[in-house]
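Trainee: Okay, here's the structure, questions in a sec.
The values are calculated or read from the model by the stated rules, or taken from the named source; none is laboratory data. Here the structure is a predicted model, which means the values were calculated and not measured. FYI the Cβ positions are ideal-geometry reconstructions off the backbone, even for glycines, and counts take in every protein chain you see. In case anyone asks, the SASA skips ligands and DNA or RNA and just uses the protein heavy atoms, side chains included. Shrake-Rupley method; radii C 1.70, N 1.55, O 1.52, S 1.80 Å.
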Amino acid sequence: MWENAEGWAHVRTLHDRYLGWARMTELVHQPPQGESLRVTALRGHAFAGPKVSQPVLAELAYGARVFRTGGEVVEEGRRRWQPVELPDGRGAWVQEVVLAPPKEADPVAFALRFLEAPYLWGGRSAWGLDCSGLTQTVYAACGHDLPRDADQQQQVLTPVETPLPGDLAFFPGHVGLMIDARRMIHANATHMSVTIETLGEGDYGARLQASCTGFGRWPG
C-alpha cells in the first residue's frame with residue numbers, strides 16, 4: 001500500500017488480490033479482535049441499539065464481516081439482536097437473521113436473488129454491482145474463487161460449446177450467468193440493473209448473441 005498527496009491509497013484486496021484505490025479515511029489499519037461473523041443477507045443494516053427504530057450506523061451486504069463482542073444477545077419480541085463491532089471499531093447491533101447460516105448455494109438461484117439490484121461499475125454487493133462483480137459474488141457463495149474482471153474469469157474457466165445452468169457467458173468486456181441454454185442474468189449498464197436477457201431475442205438479445213465470445217464452466 002502507498003498513499004498519494006490527495007489522501008488516496010493504492011491497495012490490493014485480500015480475497016482476490018485485486019489492485020485498486022481507496023481513500024485513506026476509509027481504511028482500517030487494525031481490525032477488531034473478536035470472532036468474525038459473516039453477513040448472509042443480500043442487504044442489511046447495523047443499528048445503534050437493539051431496535052429497528054434506532055439510528056442506522058452502517059449498511060451491510062452479503063459477505064461483509066462484523067465481529068462478535070462479549071455482550072449478551074438481546075431479545076425483542078421474536079427478534080434476536082447480536083451486539084457486534086464494526087471493522088472501524090464502532091459498536092453496533094445486528095439482527096441474527098442477517099447473520100443466519102446460508103443455505104446450500106445454487107448459482108442460478110442465488111444469482112436470481114440479485115434481480116433488479118442497481119448497476120454500479122466496480123460494485124460487488126446488492127447495493128450496487130457490475131457484471132463481473134455479480135458472477136464473482138455468486139461463484140464465491142458456491143465455494144468457487146473467481147478473479148475480479150470478466151476477461152480474467154474467462155481465462156480460468158473451461159470453455160464449453162453448449163452452456164448449462166450456472167455457466168458463464170462472455171462478451172467483450174462483459175460477462176453474465178446462464179439460467180439455461182439461452183437465458184442469462186447479468187448486471188448491465190444498458191438497464192442500469194441486474195436483468196434477464198434471452199440470447200438472440202429482441203434487439204439487445206440479438207446484439208448480445210452476436211458479440212458472445214464463448215461460454216465457460218468451472219473445472220470439474
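Trainee: Testing Arg80 on (1) farther than 27 Å from Leu129 by Cα; (2) touching a residue at least 24 places away in the same chain (Cβ under 8 Å); (3) in a strand (DSSP E or B); (4) open to solvent by 50 Å² or more (accessible area, probe 1.4 Å), one condition comes back false. Which one is that?
Mentor: The single condition Arg80 does not satisfy is (2).
Trainee: Take the residues of region 105-120 that are under 18 Å from Arg217 (Cβ atoms) and part of a loop (DSSP other than H, G, I, E, B): which is modelled with the highest pLDDT?
Mentor: Asp106
Trainee: Give region 121-145 a look and list any residue that's in contact (Cβ under 8 Å) with a residue 40 or more places away in the chain, in a loop (DSSP other than H, G, I, E, B) and either out of contact with any helix residue (DSSP H, G or I) (no Cβ under 8 Å at 6 or more places or on another chain) or buried (at least 20 other Cβ atoms within 10 Å of the Cβ) (or both), or say none.
Mentor: Result: Trp121, Ala126, Trp127, Asp130, His144.
Trainee: Which members of region 179-193 meet the condition of being open to solvent by 80 Å² or more (accessible area, probe 1.4 Å) and in contact (Cβ under 8 Å) with a residue 40 or more places away in the chain?
Mentor: Listed by number, the residues that qualify are His191, Met192.
Trainee: Restricting the search to region 194-208, which residues are in contact (Cβ under 8 Å) with a residue 12 or more places away in the chain and open to solvent by 20 Å² or more (accessible area, probe 1.4 Å)?
Mentor: If the condition is that a residue be in contact (Cβ under 8 Å) with a residue 12 or more places away in the chain and open to solvent by 20 Å² or more (accessible area, probe 1.4 Å), then Thr195, Ile196, Glu197, Thr198, Gly200, Glu201, Tyr204 are the ones that fit.
Trainee: A further question follows. Can you say whether Glu59 is within 20 Å of Leu129 (Cβ to Cβ), among the acidic types (Asp, Glu) and at pLDDT below 80, as far as the supplied structure shows?
Mentor: For Glu59, the condition - within 20 Å of Leu129 (Cβ to Cβ), among the acidic types (Asp, Glu) and at pLDDT below 80 - is not met.
Trainee: Pull out all pairs, ordered by first then second residue, where Cβ-Cβ is under 7 Å, the residues are six or more apart or on different chains, the first lies in region 1-27 and is within 22 Å of Ala140 (Cβ to Cβ) and at pLDDT below 80, and the second is open to solvent by less than 100 Å² (accessible area, probe 1.4 Å) and among the basic types (Lys, Arg).
Mentor: Asp16/Arg148; Tyr18/Arg148
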